[in-house]
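Please read the structure below before turning to the comments.
No value in this document is a laboratory result; all are computed from the given coordinates. These figures come from a predicted structure and were not determined experimentally. So basically every Cβ, Gly included, is an ideal-geometry build from the backbone, and we count neighbours across all protein chains shown.
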Amino acid sequence: MKVGILGTRHVHADGLAECVANCGGTLVGATERDADARAAWTRTELVDRDELLERADAIIVAGTNRERVDDVVAATSAGLPTLAEKPVAADADELARLLDEADPALVMVALPVRFAASLRRARTAIAAGAIGTPLAARGTNHGQFPGGWFGRRADAGGGALQDHVVHLSDALCWLLDDRITRAYARASQVMHPDNDVEDCGVVTLDFESGFFASIDSSWSRPASFPTWGDVWLELVGTAGRIRIDPMATHLDLYSDSAAKLQHVGYSDDDMTAAMVRAFLEFARERPTTSPVSFAEGVHASDVVLAAYASVDSGRPEPVTTR
Amino acid sequence: MEDAERPVGLAIIGAGLMGSQHAASASACRDVHLVGTWGADADQAAQLAQRTGCERFSSYEQVLDDPRVEAVLIATPTSTHDELALIAMAAGRHAFVEKPVTRTLEDALTLRRVARASGLVLGVGHVIRYFPEYRAIRDALERGDVGTPAVATFGRRCQQPDWAPDRWHTDMSRSGGVAVDMLIHDVDLVRWYFGEPTEVYARVVGSDRHEGLDYALATLTVPDGPICHLHGSWAEPEGFSQSAEVCGSDGMLSYDSRGRDEFSFMAHATHDSATALPPPPPGEQDPFGRQLVDFARAIRGGAPLPGDIDWAIGSLRIALAMLESNDQRDVVPLEPLHELFAREDAAMATIAGGVA
């Protein structure tokens with residue numbers, strides 16, 4: 001499977017490319033407009049988009065949020081299975097264009113959390129009735145500020161809510177076979193005053209079933225934090241409680257050269273690799289829906305748009321139903 | 001002995017979980033003298049009296065007939081606090097009421113009026129500020145250790161409440177569920193650290209639907225403060241834990257009670273763990289004991305109580321707003337607290353003027 005990368009400026013781009021190489025795919029090139037990013041990219045040669053769409057059997061879209069829809073539309077118009085970084089669109093206008101112009105059947109959305117072994121185990125357990133009727137959940141997807149364009153509205157479309165809410169909102173929908181109906185969110189920008197997006201955000205979500213959950217998606221981990229952040233989820237039901245912490249498996253490294261505590265992960269469960277393997281299989285087999293469907297990615301973005309509407313109005317806001 | 005130094009004669013009303021906690025603390029506290037206990041559950045009260053070597057009263061009347069009893073500590077189901085406190089104050093006794101002070105705001109305002117008119121001390125068990133971990137967080141915030149706070153998370157969890165024989169916690173009209181009964185501590189922290197919230201949004205399961213299981217998530221808006229998110233669980237099979245995290249412009253401060261025991265004991269599988277370990281004596285740092293000392297000193301003319309009725313009302317109305325927000329599925333705005341009290345004081349002055 002020959003894989004091309006459209007845009008390299010998402011923090012995940014390099015990791016996705018590495019996974020492709022490790023999972024039996026062949027990297028056949030990348031596109032990048034930004035001069036600094038072109039200089040920094042060493043994994044493949046850089047070519048123009050039309051040429052790459054000719055060369056590749058499948059595409060990974062990993063540029064800025066603002067570039068995403070244009071790249072996804074180009075890749076699916078060329079008939080190529082496409083793994084699109086999240087969120088699928090930078091804002092409501094971009095999302096409208098995506099819905100108009102992209103081929104949904106070719107899109108898989110890069111939401112790796114559901115590929116973690118702990119999440120898969122949770123879904124099986126919930127389906128088997130281990131927690132009875134699910135009632136409520138609380139999750140955190142904290143991060144350090146990713147830096148660069150993530151702090152600029154023009155490139156990112158939003159800050160911490162935009163960057164991180166989708167991972168756990170999608171994971172909850174997938175775990176429960178449920179959809180989100182309303183969002184209430186608060187946001188603040190205190191930590192990185194030079195940005196023009198929020199760096200902290202907490203959202204409370206209502207689901208169709210009556211289930212509710214909150215997600216703290218803040219870029220609140222300081223530079224001195226031992227790792228980039230966390231993914232953590234607690235679900236309670238009438239019969240039990242599940243707690244999910246895919247990053248719990250780590251050593252503590254006290255290194256004088258780093259002058260801070262560091263986490264050294266030791267899990268052999270790599271959710272990103274599992275997601276890339278699923279994408280390569282999707283690209284080969286071409287089933288009617290991808291493992292993380294276009295509709296699911298759009299729903300995740302609709303949740304974020306409702307969260308931003310709530311930040312503006314100060315009240316809970318409905319999630320668009322499509 | 002000078003009267004100002006004489007221990008305050010105390011009766012504990014309610015011999016359940018919190019009554020027992022207070023009795024143990026009172027037994028070790030030099031500022032109070034535990035005269036006796038009374039509870040609706042006579043067996044429970046008898047056992048507590050025996051454990052602490054105090055008297056078991058046979059009725060609330062008998063408690064209030066006893067001249068040694070200067071103050072009552074009320075640790076009964078929340079919805080009964082107001083009546084028991086009113087009776088005590090009518091009998092000229094100081095009162096200390098477990099938190100939440102009452103089940104409704106109206107009842108709390110009534111207690112405030114009666115306490116003010118009587119001049120008696122009315123304390124409320126807002127004990128959280130006596131816990132050293134939360135004082136350490138306060139000190140760190142005051143030093144500016146995390147810079148300007150941006151987002152703060154507070155929570156506590158335990159199993160579904162099964163310790164009260166009549167399971168009153170499972171009745172929302174008696175307990176208010178986990179939001180009112182437990183998260184009121186975290187409301188205290190938000191107010192203590194950052195100031196008065198102006199808005200509340202919350203989602204709550206409610207303890208009356210699934211045999212006491214409850215789960216509450218609340219977001220409080222504090223002007224010029226961080227985003228404040230609270231989580232309370234009566235659905236945690238592991239047992240009690242509490243946690244706090246404040247993230248700011250210069251760092252983050254993180255606390256979780258799990259795994260932070262200075263002393264721990266477990267019996268080997270071959271031995272019975274129930275009998276082996278003597279209970280610890282309440283120490284100098286016992287938060288409940290220190291709270292009792294402040295109550296006793298307020299009675300003897302010392303400093304005003306940190307957990308007074310005004311503070312209690314300020315926290316109760318926020319906890320109740322969580323339930324209201326959940327019912328309405330909307331944000332609940334909070335009236336400025338000083339306006340609420342100004343209205344109350346004006347009403348009191350009118351009544352007093354009418355009487356005069």
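General observations
- Positive minus negative residues near A:SER217 (Lys, Arg vs Asp, Glu; Cβ under 10 Å): -3
- Extension reserve of the B:GLU211-B:ARG113 stretch, reckoned as 0.36 nm per residue once the Cα distance is removed: 31.7 nm
- Approximating the spin labels as points 7 Å out from Cα along Cα→Cβ, the A:GLU285-to-A:GLU18 distance works out to 2.8 nm.
- FRET efficiency, B:HIS268 to A:ALA239 (Cβ-Cβ, R0 30 Å, nearest 0.05): 0.45
- The simple Förster model, with R0 at 35 Å and r as the Cβ-Cβ distance, assigns B:ARG329 and B:ARG138 a FRET efficiency of 0.55.
- Placing unit charges on each Cβ (+1 for Lys and Arg, -1 for Asp and Glu) gives chain B a dipole about its Cα centre, and among B:PRO304, B:LEU316, B:LEU253 the Cα reaching farthest toward its positive end belongs to B:PRO304.
- For segment B:141-248, the dipole from Cβ point charges (+1 on Lys and Arg, -1 on Asp and Glu) about the Cα centre works out to 100 debye, to the nearest 20.
- Segment A:1-101: GluC sites (Glu not before Pro) falling in loop per DSSP and having at most 13 other Cβ within 10 Å: A:GLU45
- Dividing the summed -39500 (n - 2.57) terms of all DSSP H runs of n ≥ 4 by the residue count of chain A sets its mean residue ellipticity at 222 nm at -10500 deg cm²/dmol.
- Cα-centred dipole magnitude for the protein assembly as shown, charges only on beta-carbon of K, R (+1) and D, E (-1), debye, nearest 20: 720
- Beta bridges by DSSP in the protein assembly as shown, antiparallel share as percent, to the nearest 5: 55
- In nm, spacing of pseudo-spin labels at B:ASP261 and B:ASP3 (7 Å Cα→C-beta vector): 4.8
- Straight-line reach from A:LYS2: taking Cα to Cα under 25 Å and skipping same-chain neighbours fewer than 8 places apart, the lysines in range are A:LYS86.
- Based on DSSP H segments of at least four residues, each scored -39500 (n - 2.57), chain B has a per-residue ellipticity at 222 nm of -12000 deg cm²/dmol.
- Shape of segment B:218-311 from the C-alpha gyration tensor: oblate (a/c of 1.5 or more and a/b not above b/c, with a ≥ b ≥ c the square roots of its eigenvalues).
- Chymotrypsin sites (Phe, Trp or Tyr not before Pro) within segment B:188-272: DSSP coil, no more than 10 neighbouring Cβ in 10 Å: B:PHE263, B:PHE265
- Counting DSSP beta bridges with both ends in chain A, the antiparallel % (nearest 5): 60
- Taking GluC sites (Glu not before Pro) in DSSP loop conformation with at most 10 other Cβ atoms inside 10 Å as exposed sites, chain B has its longest uninterrupted site-free stretch at B:3-261.
- Sorted by Cβ neighbour density within 10 Å, fewest at the top, the residues A:SER214, B:SER207: A:SER214, B:SER207
- Prolate/oblate/rounded label for segment B:18-167 (Cα gyration tensor, a/c 1.5): prolate
- Note: relative contact order over segment A:34-159, using C-alpha pairs below 8 Å and six or more positions apart, is 22 percent.
- Exposure here means at most 14 other Cβ atoms within 10 Å; with chymotrypsin sites (Phe, Trp or Tyr not before Pro) in a DSSP loop as sites, the longest stretch of chain A lacking them is A:1-227.
- Taking 0.36 nm per residue of sequence separation and removing the Cα-Cα distance, the A:ARG43/A:GLU101 pair yields an extension gain of 17.9 nm.
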